[in-house]
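S.K.: Structure provided below as structure tokens; questions to follow.
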Amino acid sequence: MERIYLDHCATTPVHGEVMGEMMRFFGNFYGNPASAHAFGREAKKALEGARKRVAALLGAQPEEVIFTGGGTEADNLAVIGAALAAPPEKRHLVTSAVEHPAVMNACRFLTRFGFRVTYVPVDGSGVVDLANLAQALTEDTCLVSIIHGQNETGVLQPLEAVCALAHARGIPVHTDAVQSVGKVPFDIEDLPVDLLSIAGHKIYGPKGVGALYVKKDTPILPITFGGGQENGLRNGTENVPGIVGLGAACRKAKRDMPKFMDHTGRLRGLLEAGISAAFPGAMIQGQKVARLPHVSTISFPGKSGYKLVRELDEAGIAVSAGAACHAGEERPSSVLKAMGVPDEYALGTVRFSFGWSNTEEDVERVLEVLRRVMKKIP
């Protein structure tokens, strides 16, 4: 039985093109980029080449890209680093009710040191309420952090409007763009955030590497300390093979993005049409608003999402029950609760996320298996 992978929001396979570039830096070119000799210079050259590729994907300047150990670290550095760099009278952060745990928990951590956090609600489609956001901004707000492409639903947030509201008050904006950059166009000129997080393994690059875009002159302090690497913001010897892989993945994403959007968007349309026809009571989350093209989060009322994921896995189909980090927990997703989704629907939610390897035949098989296993699930 050939397995079908429909969990590309959780992670993606490292593309052969990316792997090919990485392998040289595990063997022949193993120098420390901080070293002054030829081995170090070779590693440093590769590091800066990757930095240019990441910057090109974002429409940023290379010196505005800081390499990290992944998206979570980038989120933590942005949120905690920006808060600590703010003037002492600014002890307030604004975020949304549908953030990734990397942002949510960084904000909660800061409350132990006297910071306040406002969680802006979302509407039934999962879109941030801009009126509430505007009201939440105060004289002591030091940062606004709003996710770009929501990791459970794929819903895209109105970052341009968020930036306009915050910047009018002189407040910097961070976005977790881990799920969206490389999947949909993102240019700093159009969506002028001050801080932005990405991760390699979401865009066919390796795990354990990410980056934080830091707009020039944005106040931020390090949260790790050591030898001063990455302009002193992310100390520690850089993961050169991983960073090279991230750079290669960014180059591929920029080059192939229109095809990716067309390919995955078409497959998602086929899946959602098939599910709507076979299961009229199913609810497609965020269907009426802008979403990432490869993500479909569907709630089947009265069913167990966890059991559905298990049955699909036994049939050779990999999907996720809500966010990947919550898989297996029979409780309503906090994101779906924030959207006002009734528990009857929220508990029966499954996320399908497409990638390059998926085909129309995969969609047909998923629909056939769903029709069969749905009868077995209470």
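S.K.: Of the numbered conditions (1) surrounded by 17 or more Cβ atoms within 10 Å (Cβ to Cβ); (2) among the hydroxyl-bearing types (Ser, Thr, Tyr); (3) closer than 30 Å to Gly27 by Cβ, Thr237 fails exactly one; give the number of that condition.
M.R.: (1)
S.K.: If you scan the range 267-285, which residues turn out to be touching a residue at least 60 places away in the same chain (Cβ under 8 Å) and under 30 Å from Val18 (Cβ atoms)?
M.R.: Result: Leu267, Arg268, Leu270, Leu271.
S.K.: In the range 134-163, which residue that is polar (S, T, N, Q) and surrounded by 20 or more Cβ atoms within 10 Å (Cβ to Cβ) is farthest from Leu93 (Cα to Cα)?
M.R.: Here the answer is Thr153.
S.K.: Follow-up. So Ala131 passes all but one of these: (1) out of contact with any His (no Cβ under 9 Å at 6 or more places or on another chain); (2) aliphatic (A, V, I, L, M); (3) surrounded by 16 or more Cβ atoms within 10 Å (Cβ to Cβ). Which condition number does it fail?
M.R.: For Ala131, the failing item is (3).
S.K.: Here is a list of conditions, (1) farther than 26 Å from Asn358 by Cβ; (2) assigned to a helix (DSSP H, G or I), and Glu189 meets all of them except one; can you say which number that is?
M.R.: Only one criterion is unmet by Glu189, namely (2).
S.K.: Next question, about the same structure. Go through Ala166, Ala134 for me and flag whichever is out of contact with any strand residue (DSSP E or B) (no Cβ under 7 Å at 6 or more places or on another chain), in contact (Cβ under 8 Å) with a residue 24 or more places away in the chain and assigned to a helix (DSSP H, G or I).
M.R.: Ala134
Here, each number is a calculation from the coordinates, and none is a lab measurement. The structure displayed is predicted, hence computed values, not measured ones. Ideal geometry is used to build each Cβ from the backbone, glycine not excepted, and the neighbour counts take in all protein chains shown.
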